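First comes the structure, then the notes that go with it.
The values are calculated or read from the model by the stated rules, or taken from the named source; none is laboratory data. Nothing here was measured: the structure is a model prediction, and the numbers come from that model. All Cβ positions, even for glycine, are placed from backbone atoms using ideal geometry, and neighbour counts span all protein chains on display. These accessible areas exclude ligands, DNA and RNA; they are computed on the full protein's heavy atoms, side chains included. Shrake-Rupley method; radii C 1.70, N 1.55, O 1.52, S 1.80 Å.
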Amino acid sequence: YKFGFYGYDARIWDDVAHDNPHYLIVKSAGNDRLDGPGAGAEHYVWDNGWKVSNKVLNKDGGPDGFDCIGTQGTSKNILTVGAVLDIENGYEAPEDVVVTNFSTFGPTDDGRIKPDIVGNGDNLYSAYYENDNDYDFSSGTSMAAPNVSGSLALLQEFYFSKYHRFMYSPTLKGLALHTA
């Protein structure tokens with residue numbers, strides 16, 4: 001029931017965003033779309049303790065993969081980022097943008113579209129965790145969110161060079177959403 005739900009966690013994130021008007025929180029949407037055990041596969045369920053079950057469950061987001069965004073991602077004052085495949089030959093038409101098979105999306109329970117924006121999150125070469133000089137290929141909305149964050153930082157840098165101040169977060173969010 002929490003997929004798409006605006007609850008306590010989302011409200012706290014919105015409060016932080018509201019109280020810090022120059023700080024735009026960028027949140028990866030999550031990689032839960034169509035996750036779940038296969039038909040008849042053993043899995044654990046909570047029933048006054050963890051128990052093994054083979055009951056057939058709907059995959060996260062149901063058969064179509066909609067309404068599977070987690071609670072923090074439903075916050076109103078943040079920028080929630082989903083993942084798309086790389087557009088190798090450049091953008092020419094809307095059908096060139098293909099959502100990855102793992103990126104979660106809404107709508108939220110109150111009807112808002114989430115994620116707010118998408119970025120390349122498939123098979124990106126990036127820093128890795130095994131040592132200080134390690135790089136590897138990785139996929140996920142956690143790869144798309146830094147991609148979008150870097151673009152937002154460049155917009156802030158440009159704005160600051162022109163006006164000697166930073167944009168308010170709603171302005172930055174609106175600029176990104178209406179020009180993407």
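The figures follow:
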| quantity | calculated |
| --- | --- |
| Members of the range 1-19 found to be closer than 19 Å to residue 149 by Cα and open to solvent by less than 70 Å² (accessible area, probe 1.4 Å), listed by number | 14, 16, 17 |
| Which numbered condition residue 52 fails, given (1) farther than 23 Å from residue 180 by Cα; (2) open to solvent by less than 70 Å² (accessible area, probe 1.4 Å); (3) in a strand (DSSP E or B) | (2) |
| Filter result for residue 169 (touching a Gly at 6+ places or on another chain (Cβ under 8 Å), within 22 Å of residue 25 (Cα to Cα) and among the polar types (S, T, N, Q)) | no |
| Test result for residue 104, open to solvent by less than 70 Å² (accessible area, probe 1.4 Å) and in a loop (DSSP other than H, G, I, E, B) | yes |
| Residue pairs meeting the criteria (Cβ under 9 Å; at least 6 apart or on separate chains; first without any contact (Cβ under 8 Å) to a residue 24 or more places away in the chain, in the range 1-29; second open to solvent by 100 Å² or more (accessible area, probe 1.4 Å)) | 16/23 |
| Residues satisfying the stated conditions in the range 52-94, i.e. modelled with pLDDT of 90 or more, out of contact with any helix residue (DSSP H, G or I) (no Cβ under 7 Å at 6 or more places or on another chain) and of a type in the set (A, V, I, L, M) | 84, 85, 93 |
| Positions within the range 25-42 being more than 14 Å from residue 69 (Cα to Cα) and in contact with a strand residue (DSSP E or B) (Cβ under 6 Å, 6 or more places away or on another chain), in sequence order | 26, 37, 42 |
